[in-house]
Structures are given as structure tokens and as C-alpha cells.
Amino acid sequence: MNVFRPYHFLVENEFSRHRCVESVATIFLTNRECPFHCLMCDLWKNTTEQATPEGAIPEQIDFALQQLPVTQHVKLYNSGNFFDPKAIPRADWPRIAERVRHFDTVIVENHPSLCNDRCGEFQQLCETQLEVALGLETSHPQTLARLNKQMTVEDFARACELLRRQSILIRAFVLLKPPETSEEQGIERAINSIRFAFECGVDCCAVIPVRTGNGIMEQLASAGLFSPPRLSSLEIVLRETLSWNRGRVFADLWDAAQFADSPETAVLQISRLELMNLTQSVT
Ligand code: SF4
């Protein structure tokens, strides 16, 4: 992997915190592998084994921004934890801040146990609104323990409190149907997890259907311990949680056709979910 180039970048529309559709640039940064190794994660595929050298991340951001159109918001996603100094060197912060200062919101990913006062320091350096995306995955304690996330729901709640004290916005990732979960349990636990996230002060949730792809999930599937969720389950979760009007909820639609109930319904199902994502209302 070339640490001086992002491994991907793109622009999407998202229903923003200003309650309208705005453009968001996402830069997928190349950096050191996340040290946590959660069961369902395949993000290590685009990472390196060594710590990221100083100067590489600002150069990656420059490379992407030179080619992307102007957008209101930016996601700096690094397949791990923005506040892991081996992934994003602290010495690069001023140069990163200079490059993202003009965005309305800067969104980064981080593990709840790596949330501390440094998040607020970075927000001050950026002089704009920081949003930290945390993987809650599930509020079901036994399932969370099996995912090897190395955190509890209490750790998640503490991280949210700490971020909120520093006026940082929070996005939560919630899994739909982790291993050893039936379709019905998957729906119920995803809904409960989103409720829990909002109770912790989260501003928006992204629901991610669990998929195969990292080798371990394939082994669990062969052992009868995992099968991917149905797209109709994702729709049930989205419909229910949007009807609360409590905060934004997005269905993650990357490669969503594989979850369609049948090939014939895929296009219609996905377009319904896209519309709900962009309007934040139940169609
Ligand atoms: S903390 Fe996030 S990036 Fe790291 S292994 Fe877990 S899911 Fe993957």
C-alpha cells in the first residue's frame, strides 16, 4: 500500500445535521491497521503493518481534495481510529486541520476507548465542528462481548459523555444481525441499539448489515453460526427508528443488492431505502 495515497475517495449526498441534503466527501485514508481485530471487521484489507510516517496523511488529503468537487462536509475515514497516534501521527494534526478547516463538519472514526481530551484539542485546531463516529455495533451485552470489540456498553456511554462535554457530535455504527443471531433477534437488537445510542446522546446512527468477506465470517457461516441479514430487515429497522423522530438514521447501502430478498425486488428495495436515507422520513 502506498501510504502517500488514499485508497479511495468519493462524494455522496447525505441528509445533514442542518436537516437538508448536502454533499459529503469521504476520503479513505491509508494507514496502520486497527489494533482491535473485531470479529466481523474486514477493514484491515486496506491498511499497513507499520505506523504511518509523518506527512503521509496530509499528502493523502491533498491528493483527494485536488480531485474532488467542493463539498460541505468531509469524512476522514481511516479503517480504524483517528486518535490512534500510530495511525494518524499527532505531529500531522496542524497540517490536517489546515486542510479541513473550511468544511462545515469534519467526521472521523474512533474506538470508544480511544476517546479522550485529545478529541477536543483536535476540534479546536480545526476551528470547525468535529463529529466522531463510534462503533457501538450492538447494545446486546453478550453479543458485544463475542464480537471482541474490547468494550462494554458502559464504555460506549462514557465515551459519548466525554465527547458531548467537548461539544463534539457523535455518529454510531450499529450492526444488523451479528453472528449467532436470528433474523428476528437481529431486527430487535438493532432497534434496541439505536435507542440506546440516542439515549447516550448520539446524533445519528448508521445501520450496517453484517456480511462475509474477512474469512472468519465465512467459517462461522459454514458452522451454521452466521447468515447475512435480509434487506427487508434493514427496511424494518429504518422504518421503525425513523418514526421516532429522535435523530438521523441511515441504512448502509454499500453492496446492498446481495441482501435483497430476491433479485427481482433488489432495485425497488434499495431505491426505497435510498429515499428514506435522503429524506429521513418513512416513505
Ligand atoms: S475497532 Fe473498528 S476498525 Fe477496529 S477492528 Fe473493530 S470494527 Fe474494525
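The values are calculated or read from the model by the stated rules, or taken from the named source; none is laboratory data. Values in this document were obtained by computation on a predicted structure and should not be read as measured data. We place every Cβ from the backbone using ideal geometry, glycine too, and count neighbours over all the protein chains shown.
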Checked against (1) under 16 Å from the mean Cα position of the chain (by Cα); (2) more than 13 Å from the ligand (Cβ to nearest atom), Gln72 satisfies every condition except (1)
Do we have any residue at all in region 37-53 that's away from the ligand (no atom under 16 Å from the Cβ), closer than 22 Å to Cys126 by Cα and modelled with pLDDT of 95 or more? yes
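Taking region 16-36 as the region of interest, how many residues are hydrophobic (A, V, I, L, M, F, W, C), within 15 Å of the chain's Cα centre (by Cα) and more than 11 Å from the ligand (Cβ to nearest atom)?
Taking region 16-36 and keeping what is hydrophobic (A, V, I, L, M, F, W, C), we get 20-21, 24-25, 27-29, 34, 36.
Going one step further and asking which of them are within 15 Å of the chain's Cα centre (by Cα), we end up with 24-25, 27-29, 34.
Within this subset, residues satisfying the condition of being more than 11 Å from the ligand (Cβ to nearest atom) are 24-25, 27-29.
Number of matching residues: 5.
Condition check ((1) in contact with a strand residue (DSSP E or B) (Cβ under 8 Å, 6 or more places away or on another chain); (2) part of a loop (DSSP other than H, G, I, E, B)) across all residues:
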{"site": "Phe4", "(1), (2)": "no, yes"}
{"site": "Leu10", "(1), (2)": "yes, no"}
{"site": "Glu22", "(1), (2)": "yes, no"}
{"site": "Leu39", "(1), (2)": "no, yes"}
{"site": "Thr52", "(1), (2)": "yes, yes"}
{"site": "Ile88", "(1), (2)": "no, yes"}
{"site": "His102", "(1), (2)": "no, yes"}
{"site": "Ile107", "(1), (2)": "yes, no"}
Between Leu225, Leu253, Leu278, Leu220, which is in contact (Cβ under 8 Å) with a residue 40 or more places away in the chain and under 25 Å from Asp203 (Cα atoms)? Leu278
Failed condition for Gly80, given (1) more than 16 Å from the ligand (Cβ to nearest atom); (2) in a loop (DSSP other than H, G, I, E, B): (1)
Residues within region 159-214 that are charged (D, E, K, R), in contact with a strand residue (DSSP E or B) (Cβ under 8 Å, 6 or more places away or on another chain) and closer than 17 Å to Pro112 by Cβ, tallied: 3
When both residues are 6+ apart or on different chains and their Cβ atoms are under 7 Å apart, which pairs have a first residue that lies in region 71-96 and is within 19 Å of Leu163 (Cβ to Cβ), and a second that is within 12 Å of the ligand (Cβ to nearest atom) and in a helix (DSSP H, G or I)? Gly80/Leu43; Asn81/Leu114; Phe83/Leu114; Asp84/Leu114
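May I ask you to list the residues in region 118-145 that are of a type in the set (S, T, N, Q) and assigned to a helix (DSSP H, G or I)? Please lay out each step first, then the result.
Of all residues in region 118-145, those of a type in the set (S, T, N, Q) come to 123-124, 128-129, 138-139, 142-143.
Once the filter is applied, which keeps residues that are of a type in the set (S, T, N, Q) and assigned to a helix (DSSP H, G or I), region 118-145 yields Gln123, Gln124, Gln142, Thr143.
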Restricting attention to region 139-160, report how many residues are within 12 Å of the ligand (Cβ to nearest atom) and either under 14 Å from the mean Cα position of the chain (by Cα) or free of Cβ contacts under 8 Å to residues at least 24 places away in the same chain (or both). 1
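Just to be sure, is Cys115 buried (at least 19 other Cβ atoms within 10 Å of the Cβ), in contact (Cβ under 8 Å) with a residue 12 or more places away in the chain and within 30 Å of Glu180 (Cβ to Cβ)? Walk me through it before giving the result.
Values: buried (at least 19 other Cβ atoms within 10 Å of the Cβ): yes; in contact (Cβ under 8 Å) with a residue 12 or more places away in the chain: yes; within 30 Å of Glu180 (Cβ to Cβ): yes.
When the stated conditions are applied, Cys115 passes them.
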